[in-house]
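Have a look at the structure below, then the notes.
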Amino acid sequence: MGKWKRSQAYADYIGFILTLNEGVKGKKLTFEYKVSEAIEKLVTLLNTLDRWIDETPPVDQPSRFGNKAYRTWYAKLDEEAENLVATVVPTHLAAAVPEVAVYLKESVGNSTRIDYGTGHEAAFAAFLCCLCKIGVLRVDDQIAIVFKVFDRYLEVMRKLQKTYRMEPAGSQGVWGLDDFQFLPFIWGSSQLIDHPYLEPRHFVDEKAVNENHKDYMFLECILFITEMKTGPFAEHSNQLWNISAVPSWSKVNQGLIRMYKAEVRRAGPGTADPTPSAAWLRILGQPL
């Protein structure tokens, strides 16, 4: 792990996360932003995965969780992944398709265990980071990467989780932030920084969530949790309940970034992170 933390790949990945975090700061999901052809193609790719779920209904089986129809759905992705990625990547970059497609296949869960977790989510972020590194996605795609592509990815993953009753991968139960996701809490808290009236304490308020979830990723996540879990919020989502006591979204955002590096990427506090702008330029292969 020490070698990984010192690697350029680690710096690029964390720099990518931090750059997007800065890009969406204070912006609603309904904020107007540029949508490039590459972004549209990525959304079309995700729409295809969504359609395959409709075409692959759950099967009757004794066990409640881990519906085996997911394996049929995944087999189709496994077979078609390179073709899907090729629709996004220009022909002069076709040599990158097989490698980039691996990240896409890893981003939707595990077909053996029929589970999904933050490692799979990280694979999708790495997939997008790779598309930046080879020049498919550009500097001015930053907001659309989060609001258009990643938000659509979340919708598809939630549909997978509900349709096939997927198990959480590596869940820490009540001691974890969430059973399935992490990045939308980071970027979602950045969206809420300096909000005129919504404070961290409001995300445990059902009325505030229902009225604002379409504008903020963080609240979308909270809504999904309350739909999927029963009982008092403080019991089934204790970490989030504790976070609701933090005084500002800025502090929530900073704390979640530290938590992500410690628990998801296993990064130690001594790792120096690049500034967002410098990281983005390096990812794109442009001079600093």
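Structure summary
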quantity: Which listed residue, of 252, 246, 204, is touching a Pro at 6+ places or on another chain (Cβ under 6 Å), more than 26 Å from residue 123 (Cα to Cα) and either surrounded by fewer than 21 Cβ atoms within 10 Å (Cβ to Cβ) or in contact (Cβ under 8 Å) with a residue 12 or more places away in the chain (or both); calculated: 246
quantity: Helices (runs of 4 or more DSSP H) fully within segment 158-257 counting 3 or more residues that are more than 20 Å from residue 147 (Cβ to Cβ) and out of contact with any strand residue (DSSP E or B) (no Cβ under 6 Å at 6 or more places or on another chain); calculated: 206-212, 217-228, 233-236, 238-243
quantity: Qualifying residue in segment 162-184 (condition: free of Cβ contacts under 8 Å to residues at least 60 places away in the same chain, buried (at least 20 other Cβ atoms within 10 Å of the Cβ) and aromatic (Phe, Trp, Tyr)); calculated: no
quantity: Residues satisfying the stated conditions in segment 224-243, i.e. hydroxyl-bearing (Ser, Thr, Tyr) and surrounded by fewer than 18 Cβ atoms within 10 Å (Cβ to Cβ); calculated: 226, 230
quantity: Any hit, segment 103-110, residues being more than 19 Å from the chain's Cα centre (by Cα) and not basic (Lys, Arg); calculated: no
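Values in this text are rule-based calculations from the coordinates and carry no lab data. Given the structure is predicted, the values throughout are model-derived calculations rather than measurements. A quick note on method: Cβ atoms are made from the backbone with ideal geometry, for glycine too, and the neighbour counts reach across all protein chains shown.
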